[in-house]
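Below is one structure, written out as structure tokens; the observations come after it.
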Amino acid sequence: MDVKYLSDDKGKITGVFLSIEDWEQLQKQYNISLTAAGGPNAQLQNGLSAALAKAKPSAEDEA
């Protein structure tokens, strides 16, 4: 898994970047459902779902 750490100008780690393939593997491994709502992580899951939808190329983009 190729993980890249994102940091601010002071060097504080503020996030991570991983490939869609790695993310999908983690979803399967840890049973992460992006459609589950109402749980304590619903806002995070909804945000990740939206980001994933934006990141995946559509059929029109590939044509």
Residues located in the stretch 7-20, provided they are under 18 Å from Leu52 (Cα atoms) and more than 10 Å from the chain's Cα centre (by Cα): Gly15
Among the residues of the stretch 12-47, count how many are modelled with pLDDT under 80 and either among the hydrophobic types (A, V, I, L, M, F, W, C) or within 12 Å of Met1 (Cβ to Cβ) (or both). 5
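The values are calculated or read from the model by the stated rules, or taken from the named source; none is laboratory data. It should be emphasised that the depicted structure is a prediction, and the values quoted were computed from it without experimental measurement. All Cβ positions, glycine included, derive from the backbone under ideal geometry; neighbour counts span all protein chains shown.
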